[in-house]
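Data block below; observations after.
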Amino acid sequence: MEFAKVKDHDDILRDMKSKALISVDREGLEAYKRKKNEQMKINAAVEELNTMKQDITELKVLMHSILEKLG
């Protein structure tokens, strides 16, 4: 493959065969991956919290049902 530098952009190359622009910014890629990983962890935590809230609601309903039967 043959690549050419893009004027005024040190972190972008052009593939001369396909004319595609290719980013060679490794730092930017790593920062994106870190941010994406952190967001996935946050989303998983939120999902777990929502599941726990649902479980607590179900327990409350069951407890009220039991108390009604006893009282």
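Laboratory data are not the source of any read-out in this text; all were calculated from the coordinates shown. The structure displayed is predicted, hence computed values, not measured ones. So basically every Cβ, Gly included, is an ideal-geometry build from the backbone, and we count neighbours across all protein chains shown.
Between residue 24 and 12, 13, the built amide H atoms are under 5 Å apart, and every one of these is 5 or more places off in sequence or on another chain.
For the chain, adding -39500 (n - 2.57) for each run of n ≥ 4 DSSP H residues and dividing by the number of residues yields -23500 deg cm²/dmol at 222 nm.
Charges were assigned to the Cβ only: +1 to each Lys and Arg, -1 to each Asp and Glu. The resulting dipole of the chain about its Cα centre is roughly 160 debye.
Projecting the Cα atoms of 56, 44, 6 onto the charge dipole of region 3-70, computed from C-beta unit charges around the Cα centre, puts 6 farthest toward the positive end. Can you tell me the relative contact order of the chain? Whole percent, Cα pairs under 8 Å, sequence separation 6 or more. With pairs under 8 Å counted, the relative contact order is 15 percent.
With the convex hull of its Cα atoms as the shape, the chain has an orientation-averaged projected area of 7.9 nm². Between the helical axis of 26-70 and the longest alpha-carbon principal axis of the chain there is an angle of about 10 degrees.
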